[in-house]
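Notes to accompany the following structure.
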Amino acid sequence: MIHSERLVREFIELVSIDSPSFGERTMGDYLKTQLAALGLTVEEDGAGSCLGGNCGNLYAFLEGRKDLEPILFCVHMDTVEPSAGKRAVLDGDGVIRSRGDTVLGADDCAGIVAILEALRVIHEQNLTHRPVEILFTVAEEVYCKGAKQFDFSKVRSKEAYVLDLSGPVGSAACQAPTILSFTVEVHGKASHAGFAPQEGVHAIQAAADAVAGLSMGKIDEHTTLNIGNIHGGLATNIVPDLCVLSGEIRSYSHEKAMEVAETVQKQFESSAHAVGAAVDFDIQIGCRAYETPLSHPVIRRFETACRTLHLPSSLHQTFGGSDNNILAEYGISGIVLACAMNQCHSCTEYTTVDELVRISELTKALMISED
Ligand SMILES: [Zn+2]
């Protein structure tokens, strides 16, 4: 049985720890202590120093039944802003919110606390369980930068559960998109806008022509394009020599996302070249698309565990990335579990005691599952 009072106490404690991206040190130290006390070996990698943060990814291992394959459980330690000084407030109905001026950080403290509570119950009750690997990542909220630094050659699991999704516990995501971000610099030529406009090359006009020539929003059923930021120019009397734009592309098909990126680049080049401007196009792959088939054992085990707990289960697509995208790149098949977080990335984020108990039960059930 999950110890709900202890669970809530620890959740409140986790929330009170400031743990922004690149500043996860205190959280990392707390988790190291807890994991070691529960009999896990814990290692911290060098992601912190590589990324300019103060804490690395934590990898922990718990020996289990030798005849069963290990499973990886993954959550992130960082939270989005505003997060400094966050405090959890539990009301009489079992709803937990922030004080309103910060996020709550249930994303992803709810996942962390579920894993700790599941391990604690297994430890206390001496339950038979499979080998368990835990990965607590840093800097997930900034395009999974922490997980990208992790050395996956030490992971033995071929299957994973990532606790990092909103929605009722029992729902999970089995498909996520490629997310590309891009920056375009349109380089024109400055000149006086009054005396010699003909000597200038208007970077903003070239950029505007390119933007007008692109379809924005939902391009097809699986793909979106957005240019979300534009700035350029120095003064009203100067023909602007520079315009910088940035945007993103998402698609369930990695190839399609790359195709759209090429279309965007070509459009900018053609608009710029028409007026004698030049283009620098820079693209970054935030994460790659994956799809875990519904017949996969990692999903069947999840459905069985839900059934045992009388929890309705459902599988969905998500149009957001998570550490599971990175695991998939390393050949680990996983799904992302809804884990008692709601209205994430806002100051109205909340969780409930009942949902925290449910995700802890589910995590425990997966750790002790025999299939
Ligand atoms: Zn998250």
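The values are calculated or read from the model by the stated rules, or taken from the named source; none is laboratory data. Since we're looking at a predicted model, the values are computed, not measured. Glycine gets a Cβ as well: all are built from the backbone with ideal geometry, and neighbour counts include every protein chain shown.
Condition test on residue 164, is it acidic (Asp, Glu), at pLDDT 95 or above, assigned to a helix (DSSP H, G or I) and in contact with a Ser or Thr (Cβ under 8 Å, 6 or more places away or on another chain)?
no
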Review point. Taking the stretch 175-219 as the search range and keeping residues that are in contact (Cβ under 8 Å) with a residue 60 or more places away in the chain and of a type in the set (Ser, Thr, Tyr), which one is farthest from residue 292 (Cα to Cα)?
Key: 183
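Going by the conditions given, is residue 36 part of a helix (DSSP H, G or I) and among the small types (Gly, Ala, Ser)?
On the way: part of a helix (DSSP H, G or I): yes; among the small types (Gly, Ala, Ser): yes.
Considered against the rule, which asks whether it is part of a helix (DSSP H, G or I) and among the small types (Gly, Ala, Ser), residue 36 comes out as yes.
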Study note, to complete from the structure: Within the stretch 84-107, residues away from the ligand (no atom under 15 Å from the Cβ), under 23 Å from residue 2 (Cα atoms) and either assigned to a loop (DSSP other than H, G, I, E, B) or touching a residue at least 60 places away in the same chain (Cβ under 8 Å) (or both) come out as 88, 90, 91, 92, 93, 94, 95, 96, 97
Point to revise | Only one of 255, 303, 269 that is under 27 Å from residue 209 (Cβ atoms), more than 20 Å from the chain's Cα centre (by Cα) and free of Cβ contacts under 8 Å to residues at least 60 places away in the same chain | key: 269
Point to revise | Residue list for the stretch 144-158, filter: over 22 Å from residue 179 (Cβ atoms) and assigned to a helix (DSSP H, G or I) | key: 153, 154
Practice item. Specify the residue that is farthest from the ligand (Cβ to nearest atom); the eligible residues are those in the stretch 108-143 that are touching a residue at least 40 places away in the same chain (Cβ under 8 Å), more than 21 Å from residue 340 (Cα to Cα) and part of a loop (DSSP other than H, G, I, E, B). Key: 128
Exercise for review: Could you identify the single residue in 319, 281 that is within 28 Å of residue 57 (Cβ to Cβ) and surrounded by fewer than 18 Cβ atoms within 10 Å (Cβ to Cβ)?
Suggested key: 319
Exercise for review: Residues being under 17 Å from residue 56 (Cβ atoms) and crowded, with 23+ Cβ neighbours inside 10 Å: count how many of those fall in the stretch 109-133.
Suggested key: 1
Point to revise | Options 157, 171, 153: the member that is touching a strand residue (DSSP E or B) at 6+ places or on another chain (Cβ under 6 Å) and either away from the ligand (no atom under 16 Å from the Cβ) or modelled with pLDDT under 95 (or both) | key: 157
**Study point:** Number of the condition not met by residue 356 [criteria: (1) within 16 Å of the ligand (Cβ to nearest atom); (2) of a type outside the set (S, T, N, Q); (3) not in a helix (DSSP H, G or I)]
**Key:** (3)
Study note, to complete from the structure: Out of (1) part of a strand (DSSP E or B); (2) within 12 Å of the ligand (Cβ to nearest atom), the one residue 344 does not meet is (1)
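Conditions (1) assigned to a helix (DSSP H, G or I); (2) closer than 20 Å to residue 364 by Cα; (3) modelled with pLDDT of 95 or more, marked per residue:
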residue: 286; (1), (2), (3): no, no, no
residue: 294; (1), (2), (3): no, no, yes
residue: 300; (1), (2), (3): yes, yes, yes
residue: 304; (1), (2), (3): yes, yes, yes
residue: 307; (1), (2), (3): yes, yes, yes
residue: 312; (1), (2), (3): no, yes, yes
residue: 325; (1), (2), (3): yes, no, yes
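Report, by residue number, each residue of the stretch 251-275 that is in a loop (DSSP other than H, G, I, E, B) and out of contact with any helix residue (DSSP H, G or I) (no Cβ under 9 Å at 6 or more places or on another chain). Quick ask: steps written out before the conclusion?
The initial filter retains those residues of the stretch 251-275 that are in a loop (DSSP other than H, G, I, E, B), namely 252-253.
Selection gives 252 alone.
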Exercise for review: Could you run through the stretch 151-183 and say how many residues are aromatic (Phe, Trp, Tyr) and surrounded by fewer than 24 Cβ atoms within 10 Å (Cβ to Cβ)?
Suggested key: 2
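So, in the stretch 234-248, exactly how many residues are in contact with a helix residue (DSSP H, G or I) (Cβ under 9 Å, 6 or more places away or on another chain) and under 17 Å from residue 279 (Cβ atoms)?
Final tally of qualifying residues: 7.
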Review point. Which one of these is within 19 Å of residue 135 (Cβ to Cβ), in a helix (DSSP H, G or I) and either at pLDDT 95 or above or more than 19 Å from the chain's Cα centre (by Cα) (or both): 7, 14, 72?
Key: 14
Exercise for review: Could you list all residues from the stretch 309-339 that are within 16 Å of the ligand (Cβ to nearest atom), of a type in the set (A, V, I, L, M, F, W, C) and in contact with a Lys or Arg (Cβ under 7 Å, 6 or more places away or on another chain)?
Suggested key: 319, 326
Check your understanding: Could you count how many residues in the stretch 313-354 are touching a strand residue (DSSP E or B) at 6+ places or on another chain (Cβ under 8 Å), farther than 18 Å from residue 136 by Cα and among the hydrophobic types (A, V, I, L, M, F, W, C)?
Key -> 3
